[in-house]
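Derivation of every value follows stated rules applied to the coordinates shown; laboratory data play no part. A quick note: this is a predicted structure, and the numbers were derived from the prediction, not measured. Backbone-built Cβ (ideal geometry, glycine too); neighbour counts: all protein chains shown.
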Amino acid sequence: MNFLVLVVDDEPDVEMLFRQQFRRDLRDNRFTMDFAQSGESALQRIGDAAEQSLILILSDINMPGMSGLELLPKAKAARPDVPVIMITAYGDDATKRKALEGGAEALLTKPIDFLVLRREIDCRVMRQTY
Amino acid sequence: MVDTHFRDALADRLAIPEIAEGGLRQPVQYPRLCLLIFQAIQPTAARLCDAHYAMIFRGEGDTFKLAANHGFAGEYREWMQRQIIERRRDTLVGRTVLDRKMVHIPDAAIDPEYTWSESIKRGGFRTMLGVPLLREGTPIGVIALCRSNVSPFTDKQIELVTTFADQAVIAIENVRLFDEVQARTRELSLSLDDLRAAQDRLIQTEKLASLGQLTAGIAHEIKNPLNFVNNFSTLSKELVDELGDALKPIALDDKKREELDELTRLLKGNLEKVVQHGQRADSIVKNMLLHSREGSGERRSVDLNAIVEDSLNLAYHGARAENREFNIRLDRSFDLAAGMVDLFPQEITRVLLNLISNGVYAVMKRKAEMRDGYEPTLAAATGDLGDRVEIRIRDNGSGIPQGVKEKIFNPFFTTKPPGEGTGLGLSLSYDIIVKQHSGLIEVDTQPGEFTEFRIILPRKAAVSRAGVGS
């Protein structure tokens, strides 16, 4: 099974950062990563993703057009089984509350603590594997 | 203003240098001026009317009392000063006030109405003349002239005293108006000072508000690229380690190996610096963003003393955790009446932690300079001001120089060495206290002695504002 993690962020350099950060996992095919630079594009990727493969959606909140908080209910509607973790530069209480109320699994703040994120991804991979 | 014509005439006729030489042009107090006028009138009136004694009585509510006199020995004057004269016909003054016109008693000893024998006995007079001082028909005083023998006043003398009385009333009235104008001028000048102070505060608040918005805007823009700097530099540090590991098995001559080791070491060191300074920039930006944060917890009723105590403990233990040597005296002076206050607890705690840690910084700095014989002390006090409460945080640290004091609430102003302070603590505290809580924060300091921050908060929220600068 090829697990897929979808990362949604309007910043193109996010892809480079994630690919470098998780280079060993990607090389070893523990999972693959797909990148969308807008909410609209993300919804399309979610629709295209094979049923079993999509294990996690990571989404930025502040994006032009559809924001992460607007994407959240749409993503949950399309794939209620897939956890969504929101990522924001400003981790204030109100944003956190909105994200959690919208069904997000967690809220991470930038700069991303990759140790935490890795744990989150590992946890999903393990759950799907065993 | 005092009628100059009358002033000159009065001065000429009564020869009062103090009035003629500008006594009335200077700010002299009302009662003092009245006395001056009384004192000026009496001897002249007595002399011109050929009276032995002259007195002026002044109205105090419904009764009259001696205000000035001429010709009496000390004993009678002292006795008369103690007398409170009512509006009755048995005294000269009482009858003059009741009649509101001149009263002439040719011989008090045989006057059917005059029965104040005590006064006649002590004063030893027979013929008496009373002239009312009328302001808009109301008696405000009485001029009394007396002779020790029976010798009625002539019509001319009576007319002269009546004129004196009229002019005295005008003088007193002018003095009163003059006094009123002066009081009003003082009031207006105080109002103007208040207005100027309010304007200054408003300008300062506006300046800080726009600066706050500007910094928040910049912070938003900087945060994203900064996040990349931080993430990529951390990642690159790991990559350099991995590069070192990857190069280990490769056979190289010693010189090359040495060169390679040095390069990776330098590269790693540089990346560590990028990470370190990136984190520093990140903490500055985070603080800047606190200025524009939209939500800041809930406003609720909180025990003021408890929140100050908690902040004190938090700051103290925080400092202890950082530095085991840390030790200062904490003085608490909590007013139990301070009670419950409507506030954003998270935000007020942030302000208190800020002030306390600044205080701790100041005392530790002074301790490092003074060494022996100095006890670093931080005092926290609360107080009940009725519909408001106050918090005072005082330290006996190095104090704040005057030039610095004016700038402490400005964003990014700091006197700490680079990396130790962002210069946003007090600016943020100002926002929280003044804008979010409609309170007041002020500082009192003596360089080399102490610094005291005083916060005043309304007990109940007036207009609730959810956040700072939002």
Provide the FRET efficiency to the nearest 0.05 for the B:Arg332-B:Lys416 pair, computing r from the beta carbons and using R0 = 22 Å. 0.25
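With 10 angstrom as the radius, rank B:Ile110, B:Ile158, B:Ile348 by how many other C-beta atoms surround their C-beta, starting from the fewest.
B:Ile110, B:Ile158, B:Ile348
Can you pull out the GluC sites (Glu not before Pro) in region B:35-125 whose DSSP state is coil and whose Cβ has at most 16 other Cβ atoms within 10 Å?
On the way: sites: B:Glu60, B:Glu75, B:Glu78, B:Glu86, B:Glu113, B:Glu118; in loops: B:Glu86, B:Glu113.
Loop-located and lightly packed - B:Glu86, B:Glu113.
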Would you kindly derive the ³J(HN,Hα) couplings of region A:93-98 from the backbone phi angles with the Karplus curve 6.51 cos²θ - 1.76 cosθ + 1.60 (θ = phi - 60°), listing them in order in whole Hz, with x for Gly and Pro? 4, 5, 5, 4, 4, 4
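Are there trypsin sites (Lys or Arg not before Pro) in region B:334-407 that DSSP puts in a loop and that have at most 16 other Cβ atoms within 10 Å, and which ones? Let's see the in-between values first.
On the way: sites: B:Arg350, B:Lys365, B:Arg366, B:Lys367, B:Arg371, B:Arg388, B:Arg392, B:Arg394, B:Lys405, B:Lys407; in loops: B:Arg371, B:Lys407.
Answer by residue number: B:Arg371, B:Lys407.
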Report ³J(HN,Hα) in whole Hz for each residue of region B:117-131, in order, from the Karplus equation J = 6.51 cos²θ - 1.76 cosθ + 1.60 where θ = phi - 60°; Gly and Pro get x. 5, 4, 5, 5, 5, 6, x, x, 10, 10, 8, 9, 10, x, 10
Amide H neighbours of B:Ala67 under 5 Å, at least 5 residues apart or on other chains, H built in the peptide plane: list them. B:Ile56, B:Phe57, B:Arg58
Which cross-chain or sequence-distant (5 or more) residues have an amide H under 5 Å from the amide H of B:Thr127, H modelled 1.01 Å from N in plane? B:Ala108, B:Arg147, B:Asn149, B:Ser151
Using modelled backbone amide H atoms (1.01 Å from N, in-plane), which distant-in-sequence or interchain residues come within less than 5 Å of A:Ala36's amide H? A:Val7, A:Val8, A:Asp9
Give me B:Val404, B:Val97, B:Val360 sorted ascending by neighbouring Cβ count inside 10 Å, so fewest comes first. B:Val404, B:Val360, B:Val97
Over the protein assembly as shown, what is the percentage of antiparallel beta bridges among all DSSP beta bridges, to the nearest 5? 70
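Grab the DSSP H runs of chain A that are 4 residues or longer, score each as -39,500 (n - 2.57), total them, divide by all residues and round the 222 nm result to the nearest 500 deg cm²/dmol.
Working: 6 runs with 60 residues, N = 130.
After summing the helix terms and dividing by residue count, I get -13500 deg cm²/dmol.
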How large is ³J(HN,Hα), in whole Hz, for each residue of region A:110-116 in order, when computed from phi with the Karplus curve 6.51 cos²θ - 1.76 cosθ + 1.60 and θ = phi - 60°, using x for Gly and Pro? 7, x, 5, 8, 6, 5, 5
What is the dipole size for chain A, taken about its Cα centre, with +1 at each Lys and Arg Cβ and -1 at each Asp and Glu Cβ, in debye to the nearest 20? 400
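Which entries of B:Lys65/B:Lys156; A:Lys98/B:Lys223; A:Lys110/B:Lys435; B:Lys405/B:Lys435; A:Lys96/B:Lys223; A:Lys110/B:Lys407 have Cα-Cα distances beyond 26 Å here?
On the way: B:Lys65/B:Lys156 28 Å; A:Lys98/B:Lys223 21 Å; A:Lys110/B:Lys435 28 Å; B:Lys405/B:Lys435 20 Å; A:Lys96/B:Lys223 18 Å; A:Lys110/B:Lys407 32 Å.
Long pairs (Cα-Cα over 26 Å): B:Lys65/B:Lys156; A:Lys110/B:Lys435; A:Lys110/B:Lys407.
Provide B:Cys49, A:Cys123, B:Cys146 in ascending order of the number of other Cβ atoms located within 10 Å of each residue's Cβ, fewest first.
Values: B:Cys49 20, A:Cys123 13, B:Cys146 25.
In increasing order of surrounding Cβ atoms, one gets A:Cys123, B:Cys49, B:Cys146.
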